[in-house]
Structure formats: structure tokens, C-alpha cells
Amino acid sequence: MLSNKVSLFKNFERVNFSFNPALFKDISILPMSARIIENEGEILHVRLVNGGTYYGRVEVYIYGKGWGTVCDDSFGSADANVVCRQLGFRSGSARSSAYYGEGTVDIIMDDVTCTGSEKALQQCRYISNHNCGHSEDVSVDCSN
């Protein structure tokens, strides 16, 4: 859960201010299926594209990198389950080879390896330098 206090450093002084995290749930540029979670200060969004509410190509948003796709190298059922749980579903299955179409944004995650117990995709091991083309964009089918 997001903290109600945020610390900023300006001129080497710590400045604290309060904010209401509920205000960020209705940001119009994010699809309704996107979920915002916090992991050691990094916020990541996950969305399903070119599909429907329960299925589509996996795209992630990492601050400082923007939206990107996930390569299907090493991506399996444990990884799909993490993505789908992060989006509010119970489980999921992986689809490889750009099953729901090729992305046009950068590929920013490759060789994703989840144990299956993670709450969010960025808690899994991955590399940001990839050896993939968009024909390897990963997709998922989620279910409740």
C-alpha cells in the first residue's frame, strides 16, 4: 500500500508533504485494468493490450523507461500467474510469439523468471537488455 507521506530531497534538505494516494487511481491516461503497486520505491503499471479485459499482450510501465513489452523468453505459467494476480485475477496462462499482436513500444523486460509467489512482475528476476524482436512479445489469458 502506498504511504501517505512522500520524502523529497532538495538542496540536501529533506522535505515531507502529504498526499492522497486515492487521487491517483483515476488517472485518465491509464486503462481501467491497470494496477499501480509499490516495490521498494519503484512504481510499475501493467496492462493488457490488443485483447480484452481478461487477455492480451502484456505491457509494463516503469518510471524512467515508459511503456514497453515483455519478451516471451523463459516466460511461463508462474510468470503469467504473477501478471494476472497483479491485475486482480486469480490465475493466468502464458501465450508466446506475439499471440495478441506485436507491440510498437520498446521491449523492456526479457528472461523474466518468477517463482510464482511474487505479488508483482517487477519482483521477479528479469533483464532489461533484450535479444528479442516484437514477434516474441508475451501475452496472457487470465481467469478468476
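Throughout, read-outs are computed from the coordinates displayed, never taken from laboratory work. Note that the structure is a prediction, hence the values are computed from the model and not measured. Cβ coordinates were reconstructed from backbone atoms using ideal geometry, including for glycine residues, and neighbour counts include every protein chain displayed.
Stretched out straight at 0.36 nm per residue, the stretch from SER96 to SER135 would grow longer than its current Cα-Cα span by 13.2 nm. Within the stretch 63-127, the trypsin sites (Lys or Arg not before Pro) that combine a DSSP coil assignment with at most 11 other C-beta atoms in a 10 angstrom radius are ARG90, LYS119.
Note that the stretch 70-109 shows a convex hull volume over its alpha carbon atoms of 78 Å³ per residue.
Subtracting the Cα-Cα distance of THR113 and SER77 from 0.36 nm times their residue separation leaves 11.9 nm of extension gain.
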